[in-house]
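Single-structure report; data block below.
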Amino acid sequence: DPSSADTAAGFRYAFACHEDQPLAGTYADAGQDTSTTCLFDDDGEFKVIARVFDKDDGYSQYDRSFSVRNVAPTADLGNDGPIDEGSSSTVGFTNAFDPSGADTVAGFRFAFACDGAVAALPQTYAGAGSEATDPTTSCLFDDDGSFTVVGRILDKDDGYSTYPTVVTVNNVAPTASLSNDGPIDEGGSVTVSLDDRFDPSGADTDAGFRYAFACDGDVALPETYADAGTTDVAGTTCSFDDNGEFTVAARIFDKDDGFSDSSTVVTVRNVAPTASLGNDGPIEEGGSVTISFGDVVEPSSADAASLRYAFDCGGNEANLPVDYADAGGDAAVSCSFADDG
């Protein structure tokens, strides 16, 4: 100030951080601080006005224009996985934040790409659409694996932040029901079939299932898709030499080595042996004749190895045993006849 008196009295200062803010007009209304702090809640072009006063209310006014940059909003992106294949994961933002209260009040918009394609996300607030106010989305995963979903949060000034989240999708083993076309007779064969085959993954279903069977129920089944073979036949034929109840096991695989087991009980009926009965007669009365079985047929090799026989020379069927234990091991007998006939 050209006045040493004014300089000695000291200057005073006034500031208006915004053009529409009132600015002190007198020395008495002004302050002694040569600086002030201006907070800007939103981005844009702003002008700050300042005055310096002397004790006689003389003042000079200055202004300075400058830009306030937008700051992109931030958030945390997560998901509710792991999930099973064929189901959906909820992917969503939490802890959304923007240093601008104006941006926060205006509301954020959100965009997602379940396939991880960042290029497909909108780059403007308007491009996200007025409906994009839900911070969550649902992503369906048809196959197992680890999948990256990307999400974007945008503020009204087109500031945005992009985040990834990895969804873990577990494989689900295929299922089926095992059945057979029995009962059958011993020495015969039964067809065993896997029906109602299902996998929640369309990819697994399209790749095709593979199968393994154990007719005796005890053979170790393969544990991988590759070891199961390339057959598309969901069944097999099992032969049973002896009668009884037999468990057949089966395993169905998907391409990701997921498998499930099932079993079915085959009823095998006993079949009575057959034969022709003959003798070496005619003989003279008072002599003996040999009675013997021929053309013996037994479909079970297990039974055929240990057949037993019973005879009654008097022709009385009631005298014949009905239990295997009571019969004998000889397939022939000698019968004597005292009289002709």
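The values are calculated or read from the model by the stated rules, or taken from the named source; none is laboratory data. This structure is a prediction, so every number in the text was calculated from the model and none was measured. Ideal geometry is used to build each Cβ from the backbone, glycine not excepted, and the neighbour counts take in all protein chains shown. Side chains included, ligands, DNA and RNA excluded: accessible areas come from the protein's heavy atoms. Shrake-Rupley method; radii C 1.70, N 1.55, O 1.52, S 1.80 Å.
List of remarks:
- Look at region 326-337: where a residue is β-branched (Val, Ile, Thr) and a partner is surrounded by 15 or more Cβ atoms within 10 Å (Cβ to Cβ) and in a strand (DSSP E or B), sitting 6+ places away or on another chain with Cβ atoms under 7 Å, you get Val333/Ile291.
One line per residue, one yes/no per condition, for (1) over 24 Å from the mean Cα position of the chain (by Cα); (2) open to solvent by 40 Å² or more (accessible area, probe 1.4 Å); (3) within 30 Å of Ser138 (Cβ to Cβ):
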site: Val167; (1), (2), (3): no, no, yes
site: Ser189; (1), (2), (3): yes, yes, no
site: Val192; (1), (2), (3): yes, no, no
site: Asp196; (1), (2), (3): no, yes, yes
site: Phe209; (1), (2), (3): no, no, yes
site: Ala212; (1), (2), (3): no, no, no
site: Asp242; (1), (2), (3): yes, yes, no
site: Ala250; (1), (2), (3): no, no, no
site: Asp254; (1), (2), (3): no, no, yes
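- Residues being open to solvent by less than 70 Å² (accessible area, probe 1.4 Å), within 12 Å of Asp1 (Cα to Cα) and part of a loop (DSSP other than H, G, I, E, B) - total across region 56-70: 1
- Residues satisfying the stated conditions in region 303-328, i.e. part of a loop (DSSP other than H, G, I, E, B) and either under 60 Å from the mean Cα position of the chain (by Cα) or acidic (Asp, Glu) (or both): Ala305, Ser306, Leu307, Arg308, Asp312, Val322, Asp323
- Considering region 223-240, the residues that are open to solvent by less than 70 Å² (accessible area, probe 1.4 Å) and either hydrophobic (A, V, I, L, M, F, W, C) or over 32 Å from the mean Cα position of the chain (by Cα) (or both) include one that is farthest from Arg269 (Cα to Cα), namely Ala228.
- Where Ser263 falls short, out of the listed (1) loosely packed, with under 14 Cβ neighbours inside 10 Å; (2) farther than 28 Å from Glu85 by Cα: (2)
- Inter-residue pairs, beta-carbon under 9 Å, first on the phi > 0 side of the Ramachandran plot and in region 299-325, second among the hydrophobic types (A, V, I, L, M, F, W, C) and at pLDDT 95 or above, 6+ apart: none
- Only one of Gly159, Gly145, Gly78 that is open to solvent by less than 50 Å² (accessible area, probe 1.4 Å) and closer than 30 Å to Gly44 by Cα: Gly159
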